[in-house]
Amino acid sequence: MRKILTKSKKNIIVILIAVVSMALLLTAVAMLSNYSDEVAVRADAEALNRTLYTKATLNGNMADYTAKARALASVVSYCETEEEVISFIHGISSKSDYSDVRTVRYFVGDTLFDEYGNEREISDLANNYRANYPDVAGYIGTFEDSVSVGGKMSVIGFYAPTPDSAAVDAVVVYYARSKLQTFFPTEAPADAEFSLLVIANEKNEIVVGGDKVENSNLKDALRLRTGELDSVNSVLKLVREGKDGTVNVKISGNDYVISVGADKDVFQDLAVVELYSVDVLCSTSLDFIDTIIMIIVLFAVIAVFIVVYLVIRRIQREKEFFNMETTDTKLQCLNRNGFEKTAKKILERNNNSNFAVVVVQIRHYKYILDTFGTDEITQLLTHIRVACAKSINLEETFGHAEDGQFLLLLHAKGREDLIARLKTFSYLYTQYKGSHKFDIVLRYGIYEIDSTENIAVSQMIDFANEANNAIRQATAQNANMQVNFYDNELRRIRLLNEDMELRMEGALRDGEFQVFYQPKYNLHLGKQDGCEALVRWYDPKTQKFNPPALFMQLFETNGFIVKLDKYVYTKVCEYISYTLAHGGTVYPVSVNVSRITAVQPDFVDYYYKTKRKYGISDGLLMIEFTESFAYENYETLRKIVDGLHEKGFKCSIDDFGCGYSSYRILKSLPMDEIKLDKFFLEKSDSESRDLAIFQSIIQLAKNLGMKVTQEGVELKEDVELLIEQGCDVVQGYYYSRPLPLSDYITFVANSREHNITTGKGTLK
Ligand code: C2E
Ligand code: CA
Ligand code: CA
């Protein structure tokens, strides 16, 4: 849950970062597209601003000269007569204070007079000015005039009125036009291509700044730079009309602004014209925008990196997790989970091919592990892993499940083909010689995949496993290769098991499990020795008793055996206590105990308490353990046996000889009885050898003080042989079949009549 939560939190963070960076990138793109419009507006304002600054400088200088004119007017106002004025202004440029002045004229009324007192023909600019602003000092304009002996020349004039009491009404001071250069900033403002002072006359003459343009005529000068006639005309119009403004033009494909600064009232015919490159004007603001865009892009890039990093890390983590989940790290191959996943993919990719899942099980894996240890097992497993890897083809796979079990997914061209391939596999692994040189027997359970049946790989493994387990139940033929296919019979068993699993609890409540008793016969004493309690499951439908072979394995797998064993045991106790209470004869009863039951922590305690509850005296109950349990849980069993002995139980080792008979069991486990498997009675190729083994086991057991019981005794000749070999007790159909309780009670009552040495038994 926590894992899922943090995972989804991480997802949200990653998605958030991705969204934010996308948004930032979009913003940056949008900003870039708006950018040129914004720049044009900014550039116009910036250009005009600068031009107005130039204009302000010019304005300042004009004001100085206007002040000079005013000062001169105030000197003139001291003259009492017009003649005195004339004598003052005549040749004024020779006076040290006025050396830069060309000439001075004066108004009396609206008539203009020169330094000689001659009336001048109407000069447009001076008369115009006086007509408009008679009381205001200021610049009047620039014009051609014959102000000196040398003929006409260009001059500029400043007007200043005199006080009313003066002899004249106003003065006009004229300078050579070159004076304009001193008014105008000689240097163009920083960044301007040019800054021009232009006179708005028919030629639009450029008076200052002309060195920066090739022409003294504004129109030509502009047309030399740009072919946009409309724009040029717009500039000329601004100049003519004496207005501030900007015009955008393109020069060699780049954006420029022409800005005009003019003022009809102050500058009269003068205008400032400047040319700026948009790039230069906006460079600072461009830098600013660039910086912002850069930051955004940088942020977006960082965000993208974070996302990529997180994604990569997640993939890596998942990969690691997947590895741990799917790999057998010790053997360096797939584990069951990994096999399932890989097999699933292969099957999906090749849905038209036939496949089989094979479960390869090392026979007696636990025994080998216990006897030879982990190192040996690891070597063995590694060897089989190599054999697996060598055996599989393209689009096949293998893995190691737990407990010495390998899984194979093979192409299946039919059963013969599969068996042939497993033979090759078999050959590869038999090459193995571990330090202990034991024979390895492998069992192959095969499930041929039916593509019409849609089942999970884990289920296929289970089926193959079932086929494998079925070999265990089959009579052991010690071939190197034991192969079993999952077929209809196994399917039937599986369904049967499922059905039994549903019914078992109810059956226990309803008393469907019944205890049968099979008498044992003591060959030395010539009479009954005891009996073994064997469970049956009564089926009310068929009205038949089902043998343990049908359900025992299932109950061991699902654990129900613990309840059943306790039930059988309790029934046995009930029978003994009831019979004794009613004065009947009771022989010791042997009770079977599954390894699952025996390893329960309360096992000894429960069996003892029940024994005490029914008041059963010591020696009447014997517990049977199977031989396979003995070697698998040797230490555990030893403790259990000691515990049981202490509580007055006898212990027996069952099925001795059918599995891995170990003399160590006999030597080290203090058993009261050894029950030899029916297998000892089967004839093999070498009768003399059988006999030798048989004799030595009986002898050993007897030497160790154990009672020797032979199971499955069916024939008279077997009895004779057993007497000969010194066997103590026999159990089998020859003496009696397992009997329902009522029949058993009758049997015991008549037991003195049964003497098998004289051939008198209940056989058939
Ligand atoms: P087992 O303990 O080896 O029991 C002896 C089996 O041999 C019994 O099979 C018995 O019916 C059978 N048998 C007896 N005499 C002969 C004979 O002359 N010839 C042949 N061929 N068979 C003979 P059964 O009753 O089917 O029980 C099978 C196994 O089920 C038992 O083998 C025992 O391991 C297990 N079992 C039976 N009852 C219980 C129980 O209450 N608890 C547990 N845990 N296991 C039980
Ligand atoms: Ca038994
Ligand atoms: Ca047995």
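The values are calculated or read from the model by the stated rules, or taken from the named source; none is laboratory data. What you see is a predicted model, and the numbers here were worked out from it, not measured in a lab. Cβ coordinates were reconstructed from backbone atoms using ideal geometry, including for glycine residues, and neighbour counts include every protein chain displayed. For accessibility, only protein heavy atoms count, side chains too; no ligands or nucleic acids. Shrake-Rupley method; radii C 1.70, N 1.55, O 1.52, S 1.80 Å.
Within segment 712-723, identify whether any single residue is in a helix (DSSP H, G or I) and away from ligand 1 (no atom under 16 Å from the Cβ), and answer yes or no. Before you say what the answer is, go through the steps one by one.
Residues of segment 712-723 that are in a helix (DSSP H, G or I), as a first pass: 716-723.
Remaining after also requiring away from ligand 1 (no atom under 16 Å from the Cβ): 723.
Looking through segment 712-723, at least one residue is in a helix (DSSP H, G or I) and away from ligand 1 (no atom under 16 Å from the Cβ).
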Q) Got at least one residue in segment 565-582 being touching a Phe, Trp or Tyr at 6+ places or on another chain (Cβ under 6 Å) and closer than 24 Å to Arg752 by Cβ? A) yes
Q) Within segment 80-101, can you find the residues that are touching a residue at least 24 places away in the same chain (Cβ under 8 Å), open to solvent by 60 Å² or more (accessible area, probe 1.4 Å) and not in a loop (DSSP other than H, G, I, E, B)? A) Glu83, Glu84
Q.
Going residue by residue through segment 547-568, is there one that turns out to be within 16 Å of ligand 2 (Cβ to nearest atom), under 24 Å from His645 (Cβ atoms) and either touching a strand residue (DSSP E or B) at 6+ places or on another chain (Cβ under 9 Å) or among the acidic types (Asp, Glu) (or both)?
A. yes
Q. Just a yes or no: is a residue in segment 639-650 among the charged types (D, E, K, R), more than 28 Å from Ser751 (Cα to Cα), touching a Gly at 6+ places or on another chain (Cβ under 9 Å) and free of Cβ contacts under 8 Å to residues at least 40 places away in the same chain?
A. no
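Does Ile653 satisfy being out of contact with any Gly (no Cβ under 6 Å at 6 or more places or on another chain), within 16 Å of ligand 1 (Cβ to nearest atom), assigned to a strand (DSSP E or B) and not aromatic (Phe, Trp, Tyr)? Break it down into steps so the answer makes sense when it comes.
Values: out of contact with any Gly (no Cβ under 6 Å at 6 or more places or on another chain): yes; within 16 Å of ligand 1 (Cβ to nearest atom): yes; assigned to a strand (DSSP E or B): yes; not aromatic (Phe, Trp, Tyr): yes.
The answer is yes for Ile653.
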Q: Looking only at segment 606-616, decide whether some residue is within 16 Å of ligand 3 (Cβ to nearest atom) and surrounded by fewer than 18 Cβ atoms within 10 Å (Cβ to Cβ).
A: no
Q. In segment 449-469, what count of residues is obtained for those that are touching a strand residue (DSSP E or B) at 6+ places or on another chain (Cβ under 8 Å) and under 21 Å from Lys341 (Cβ atoms)?
A. 7
Q: Restricting attention to segment 155-194, report how many residues are closer than 25 Å to Arg50 by Cα, in a strand (DSSP E or B) and open to solvent by 10 Å² or more (accessible area, probe 1.4 Å).
A: 2
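For segment 720-736, give me each residue that is out of contact with any strand residue (DSSP E or B) (no Cβ under 7 Å at 6 or more places or on another chain) and not aromatic (Phe, Trp, Tyr). Can you show your working first?
Quick first cut of segment 720-736, residues out of contact with any strand residue (DSSP E or B) (no Cβ under 7 Å at 6 or more places or on another chain) only: 720-721, 723-726, 732-734.
Answer for segment 720-736, where residues must be out of contact with any strand residue (DSSP E or B) (no Cβ under 7 Å at 6 or more places or on another chain) and not aromatic (Phe, Trp, Tyr): Glu720, Leu721, Ile723, Glu724, Gln725, Gly726, Gly732.
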Q: Determine which single condition Val386 fails, assuming it passes every other condition in (1) surrounded by fewer than 20 Cβ atoms within 10 Å (Cβ to Cβ); (2) β-branched (Val, Ile, Thr); (3) touching a residue at least 60 places away in the same chain (Cβ under 8 Å).
A: (3)
Q) Going through segment 571-595 one residue at a time, which ones are away from ligand 2 (no atom under 16 Å from the Cβ), more than 15 Å from Ala749 (Cα to Cα) and either acidic (Asp, Glu) or open to solvent by less than 30 Å² (accessible area, probe 1.4 Å) (or both)? A) Cys573, Glu574
Q.
Among the listed residues Arg492, Arg536, Arg509, identify the single one that is under 25 Å from Thr709 (Cβ atoms) and either open to solvent by 30 Å² or more (accessible area, probe 1.4 Å) or among the acidic types (Asp, Glu) (or both).
A. Arg536
(Q) When you scan segment 636-643, do you find a residue that is surrounded by fewer than 17 Cβ atoms within 10 Å (Cβ to Cβ), at pLDDT below 90 and under 22 Å from Leu525 (Cα atoms), even just one? (A) no
Q: Filter segment 535-573 down to the residues that are outside any helix (DSSP H, G or I) and in contact with a helix residue (DSSP H, G or I) (Cβ under 7 Å, 6 or more places away or on another chain), then identify the one that is nearest to ligand 1 (Cβ to nearest atom).
A: Val535
Q) Somewhere in segment 624-631, is a residue open to solvent by 30 Å² or more (accessible area, probe 1.4 Å) and of a type outside the set (Ser, Thr, Tyr)? A) no
Q | Considering residues of segment 574-605 that are acidic (Asp, Glu) and part of a helix (DSSP H, G or I) only, the residue farthest from ligand 3 (Cβ to nearest atom) | A | Asp605
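Go through segment 622-638 and count every residue that is within 16 Å of ligand 2 (Cβ to nearest atom) and in contact with a Leu (Cβ under 9 Å, 6 or more places away or on another chain).
Step one: list which residues in segment 622-638 are within 16 Å of ligand 2 (Cβ to nearest atom), which gives 622-630, 637.
Those still in the list that are in contact with a Leu (Cβ under 9 Å, 6 or more places away or on another chain) too: 623, 625, 629-630, 637.
Number of matching residues: 5.
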Q: Evaluate segment 361-369: report whether one residue or more is under 25 Å from Asp487 (Cα atoms) and part of a strand (DSSP E or B).
A: yes
(Q) With the requirement that a residue be open to solvent by 10 Å² or more (accessible area, probe 1.4 Å) and either under 24 Å from Tyr663 (Cβ atoms) or away from ligand 1 (no atom under 16 Å from the Cβ) (or both), what does segment 724-744 give you? (A) Glu724, Gln725, Gly726, Asp728, Ser742
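Working carefully through the options Ser696, Ser751, Ser662, find the one that is surrounded by 14 or more Cβ atoms within 10 Å (Cβ to Cβ), within 30 Å of Tyr634 (Cα to Cα) and modelled with pLDDT under 90.
From the options Ser696, Ser751, Ser662, the qualifying one is Ser662.
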Q: Those residues that are touching a strand residue (DSSP E or B) at 6+ places or on another chain (Cβ under 8 Å), closer than 17 Å to Ile156 by Cα and among the polar types (S, T, N, Q), I need them from segment 86-127; list them, please.
A: Ser93, Thr103, Ser123, Asn127
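Residue by residue, here is whether (1) part of a helix (DSSP H, G or I); (2) at pLDDT 85 or above; (3) surrounded by 18 or more Cβ atoms within 10 Å (Cβ to Cβ); (4) not acidic (Asp, Glu) holds:
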| residue | (1), (2), (3), (4) |
| --- | --- |
| Glu202 | no, no, no, no |
| Asp211 | yes, no, no, no |
| Glu214 | no, no, no, no |
| Asn233 | yes, yes, no, yes |
| Tyr256 | no, yes, yes, yes |
| Ala271 | no, yes, yes, yes |
| Thr291 | yes, no, no, yes |
| Ile312 | yes, yes, no, yes |
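Name the single residue, out of those in segment 337-361 being touching a helix residue (DSSP H, G or I) at 6+ places or on another chain (Cβ under 7 Å) and among the basic types (Lys, Arg), that is least open to solvent (accessible area, probe 1.4 Å). Can you show your working first?
Here is the first cut: in segment 337-361, the ones touching a helix residue (DSSP H, G or I) at 6+ places or on another chain (Cβ under 7 Å) are 337-338, 340-341, 343-344, 355-359, 361.
Adding the requirement that they be among the basic types (Lys, Arg) leaves 341, 344.
Details: Lys341: 80, Lys344: 114 Å².
Checked segment 337-361; the qualifying residue least open to solvent (accessible area, probe 1.4 Å) is Lys341.
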Q | Odd one out for Lys683 among (1) within 16 Å of ligand 2 (Cβ to nearest atom); (2) part of a loop (DSSP other than H, G, I, E, B) | A | (1)
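When you go through Val308, Val247 one by one, which is the residue that is under 22 Å from Asp37 (Cβ atoms) and either at pLDDT 80 or above or open to solvent by 20 Å² or more (accessible area, probe 1.4 Å) (or both)? Give the derivation first.
Working: Val308 fails: under 22 Å from Asp37 (Cβ atoms).
Sole residue among the options that is under 22 Å from Asp37 (Cβ atoms) and either at pLDDT 80 or above or open to solvent by 20 Å² or more (accessible area, probe 1.4 Å) (or both): Val247.
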